[in-house]
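> So that we are looking at the same thing, I have put the structure below in structure tokens.
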Amino acid sequence: MDLLPSADQQDVVRAAADFLAQEMPRDRIRQREAEASSVDAAAWTGCADLGLFGLSVPEELGGAGFGVEEEALLFRELGRHVAPGPFLSTVLAAQLAVAIGDADLVASIVAGKTTVGLAALRAGSTVDEDRVRGDLDLIDAVEAPLVLLLGPAGAALVETGQLGAVQTVPSIDPGVRLATATGVDAPVSAWLPAATRPLYLRGLVLAAALLVGIAEACRDASTEYAKTREQFGRPIGVNQAVKHRCADMAVQAELGMAQLYFAAVSLASGRPDAELQARTAKVVAAHAATVNAASNVQVHGGMGYTWENDAHLFVKRVEVLENLLGGRTEHLAEIVALPAPQ
Amino acid sequence: MDLDFSADQRDFRDQVRTWLHENKPRDERPRAAAGIREYDLAWQRTQFEGGWAGISWPTEYGGRGLSLIDQLIWFEEYGRAGLPSVDANFVGLNHAGPTLMTRARDEQKAQHLRPILAGEVVWCQGFSEPGAGSDLASLSARAEIDGDELVVSGQKIWTSFAHVADWQELLVRTSRTGSKHQGITWVICDMHSPGIDVRPIRTMDGEAEFCEVFYDEVRIPLSSVVGDVDQGWSVAMSTLSFERGTAFTAGQVRLASTVEQLIELARERTGPDGRRPAIADDELARRLATARAEVAALRAMTYVGISRSARTGTPGPEGSIVKLYYSEMVKQVARLAMDILGPDGLRYVSRWIPGGWSGNYLYSYSQTIGGGTSEVQRNIIGDRILGLPR
């Protein structure tokens, strides 16, 4: 038993982390605020060139052949950089394409040619192997040819052009594009039953990874600021009111990270309590990211409230991710009803 | 990144489970201190004779010489078997033992380590003083060197089981020059020495496991000093890092089973609306779910800590993260039990008795104070992990 990433696993994401720092700095989100797409085409292609969309796609299908553990480490880096773009839905769609044996679609996603947005069902809406019906929230989907839907019975890909009139919605997060589609009655172009491969649980683990990255980035930003910002003639970090806030952020980040690893391994190795571990990872990571993002604003004082500072980018992305693939209340209801962890 | 236990480790787990099931104490744990001493020592002797004492202690000291992972397996199975915490043996097994192994001279190791494992002696701690709590280094219990002896006068406090202990890990001030961290000496004190007066302190749960210890010119041979005279602070810090290392693993497993018991309890008991079971109450259900999620994450954090220690060879300051989160959680879970019980929680039941939720609730207040308060843990995390200025 060794729950920490191996040196090889760390190497897998190191190049990605460097690329994100260089080519997708958080400031790019502010610069592209008015653009239709939150991520520029060159950066997206750069991600494809690095193999980020095919990290866990089998090698014979053009991927790198790694598992959900390595993908979780990548998504943690994406979270740390509040990377814009539909990474989650695109990577999950690649897994769906692998599962149904659509090699062309796999190749197109891995090459960065096909991006896939995310669609979430509003109450009363349904998706099955044939059609999706009702009202949808669309996340980073307007520019994407396909959207991914994760329903209780399975996962579906639907052509964005089939959704009818799509209404863009002002987004709380300048790095995420929102839209709605109402009265949808569209054909499903690819379907993966939930029982075949737990794509939803994989989505929970990757969402948790994004949140853990944010929780860690907030801890680091606050710690750095507490070391350098001086008031009353000394760094604010000498004060326990600030120091203890940073310490609590470290606790939350460590907790989220540990549960993320536990859930990723549980899913990869098919542990019987994988669902409980994955839902727990999402809940714990969302809590960690929520409190750390809020603390980070507070530690930065007035600067933390400005558009120029990154603190609000964390706050906003956490809010998007908390509402993605089920919120806290929904997961807690399942967690208490499931059998006890193994 | 894996959760795989080897065939040998799985086999070891089966052996532990079987042995604990067949050998665990059947009688109820006594309440009086003398009874607790005999009960805890007898159980330790049983483990020693069965070859199960000191899983990760080197074989030369009578241990099994196994890995940290095997130690984890032992603690997990120990917690799952519903066994009592090691209590009277805690300081010997988790503090004094590991400290002596890493810092003591050979003759000190030869004299003390095996009796700890064999359940022959009880150790207690003499660190805190009325004027030196969180600020441990300001301790003032004085020791003068007189020939080949230290002569100790002063007072210690919060010493669990001092009234039934044989030995004490004692911190005394041997010098007042230099910084307060200099001039401290870590010494082995024979609790049967003349001049020692032990007075139990009754605590808010009605029990009296803590004591004050008074020293009136107590003579301790200089040969009992561990490390060098005046250099005891670094020895004390290694003692505390052991406490914050793996020592909470069994407690963490016990906490996880407490949460499962509470979920059962909430399914059986009528809830606050007087009609439906407590688990049908949205607030209680969410708090139970949160507790279940948080103990799962606490286990993951323990595994990460053990993985880290296994790579570096020593427990690092990250142990303070586990200690802080664990002890805050113990309090939350104890509070949750009281909210499920409602007015039935007013009936006092000792924590040593099954269903002793009210006693456990009162006891839980000690958890974020003992072993370094939550505030001290946050200082350690801020200073030593995050590198914040002091």
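The values are calculated or read from the model by the stated rules, or taken from the named source; none is laboratory data. All values reported here derive from a predicted model rather than from experimental measurement. Note that we place each Cβ from the backbone using ideal geometry, even for glycine, and neighbour counts take in every protein chain shown. Heavy atoms of the whole protein, side chains included, go into the accessibility calculation; ligands, DNA and RNA do not. Shrake-Rupley method; radii C 1.70, N 1.55, O 1.52, S 1.80 Å.
> Among the residues of the range B:42-79, how many are within 14 Å of chain A (Cβ to nearest Cβ), of a type in the set (A, V, I, L, M, F, W, C) and within 20 Å of B:His95 (Cβ to Cβ)?
Here the count works out to 4.
> Where residues in the range A:114-139 are in contact (Cβ under 8 Å) with a residue 40 or more places away in the chain and open to solvent by 60 Å² or more (accessible area, probe 1.4 Å), which of them is farthest from A:Ala194 (Cα to Cα)? Before you say what the answer is, go through the steps one by one.
To start, the set of residues in the range A:114-139 that are in contact (Cβ under 8 Å) with a residue 40 or more places away in the chain comprises A:115-120, A:125, A:127-139.
Checking which are open to solvent by 60 Å² or more (accessible area, probe 1.4 Å) leaves us with A:128-131, A:133, A:135.
On the way: A:Asp128: 11, A:Glu129: 11, A:Asp130: 15, A:Arg131: 16, A:Arg133: 18, A:Asp135: 21 Å.
Only one residue tops the list, namely A:Asp135.
> Now for a separate question. Would you mind listing the helices (runs of 4 or more DSSP H) fully within the range A:1-66 where at least 2 residues are over 24 Å from A:Pro145 (Cβ atoms) and within 14 Å of another protein chain (Cβ to nearest Cβ)?
A:7-23
> If you scan the range B:334-390, which residues turn out to be basic (Lys, Arg), in a loop (DSSP other than H, G, I, E, B) and over 25 Å from B:Pro317 (Cβ atoms)?
Of everything in the range B:334-390, those that are basic (Lys, Arg), in a loop (DSSP other than H, G, I, E, B) and over 25 Å from B:Pro317 (Cβ atoms) turn out to be B:Arg347, B:Arg351.
> Here is a further query. Anything in the range A:237-252 that is open to solvent by 20 Å² or more (accessible area, probe 1.4 Å), aliphatic (A, V, I, L, M) and more than 7 Å from chain B (Cβ to nearest Cβ)? List them, or say none.
Residues satisfying the conditions are A:Ala241, A:Val242.
> Name the residue that is farthest from B:Glu294 (Cα to Cα), counting only residues in the range A:311-339 that are open to solvent by less than 40 Å² (accessible area, probe 1.4 Å) and facing chain B (nearest Cβ under 9 Å).
It comes out as A:Leu338.
> If the Cβ limit is 7 Å and pairs must be 6+ apart or interchain, which residue in the range B:1-30 that is in contact (Cβ under 8 Å) with a residue 40 or more places away in the chain pairs with which residue that is among the hydroxyl-bearing types (Ser, Thr, Tyr) and not in a helix (DSSP H, G or I)?
Final answer for the pair search is B:Leu3/A:Ser269.
> Of everything in the range B:96-120, what is open to solvent by 60 Å² or more (accessible area, probe 1.4 Å) and assigned to a helix (DSSP H, G or I)? Give them in sequence order.
Passing the criteria: B:Thr102, B:Arg103, B:Asp106, B:Glu107, B:Ala110, B:Gln111, B:Arg114.
> Same structure again: A:Pro198 passes all but one of (1) within 12 Å of another protein chain (Cβ to nearest Cβ); (2) at pLDDT below 95; which number fails?
Against the list (1) within 12 Å of another protein chain (Cβ to nearest Cβ); (2) at pLDDT below 95, A:Pro198 comes up short only on (1).
> Another question, if that's okay. Just checking: which of the helices (runs of 4 or more DSSP H) contained wholly in the range A:219-316 hold 1 or more residues that are basic (Lys, Arg)?
A:240-268, A:274-299
> Any idea which residue in the range A:271-284 is nearest to A:Ile236 (Cα to Cα), counting only those that are more than 9 Å from chain B (Cβ to nearest Cβ) and crowded, with 20+ Cβ neighbours inside 10 Å?
That would be A:Lys282.
> Kindly establish whether B:Glu207 is closer than 30 Å to B:Ser350 by Cα, within 24 Å of the chain's Cα centre (by Cα), modelled with pLDDT under 95 and of a type outside the set (A, V, I, L, M).
yes
> Now for a separate question. Select from the range A:253-270 the residues that are more than 9 Å from chain B (Cβ to nearest Cβ) and either under 14 Å from A:Gly213 (Cβ atoms) or touching a residue at least 12 places away in the same chain (Cβ under 8 Å) (or both) and write down the one among them that is most open to solvent (accessible area, probe 1.4 Å).
A:Leu267
> So, of the residues in the range A:290-310 that are among the aliphatic types (A, V, I, L, M) and open to solvent by 30 Å² or more (accessible area, probe 1.4 Å), which turns out to be farthest from A:Arg32 (Cα to Cα)?
Residues of the range A:290-310 that are among the aliphatic types (A, V, I, L, M), as a first pass: A:291, A:293-294, A:297, A:299, A:303.
Still in the list and also open to solvent by 30 Å² or more (accessible area, probe 1.4 Å): A:291, A:294, A:297, A:303.
Working: A:Val291: 27, A:Ala294: 24, A:Val297: 23, A:Met303: 22 Å.
This residue is A:Val291.
> Considering B:Leu41, B:Leu93, which residue is outside any loop (DSSP other than H, G, I, E, B), over 22 Å from B:Thr18 (Cβ atoms) and at pLDDT 95 or above?
B:Leu41
> Here's something else I'd like to know. Please go through the range B:9-38 and pick out each residue that is part of a loop (DSSP other than H, G, I, E, B) and open to solvent by less than 70 Å² (accessible area, probe 1.4 Å).
B:Lys24, B:Pro25, B:Arg29, B:Pro30, B:Ala32
> Would you confirm whether any residue within the range B:267-287 is over 17 Å from B:Gly342 (Cβ atoms) and either open to solvent by 30 Å² or more (accessible area, probe 1.4 Å) or outside the structural domain of B:Ala334 (by TED's automatic domain parsing) (or both)?
yes
> Next up: Identify the residue in the range B:272-309 that is more than 7 Å from every other protein chain (Cβ to nearest Cβ) and touching a residue at least 60 places away in the same chain (Cβ under 8 Å) and, among all such residues, is nearest to A:Thr329 (Cα to Cα).
Once the filter is applied, the top-ranked residue is B:Ala278.
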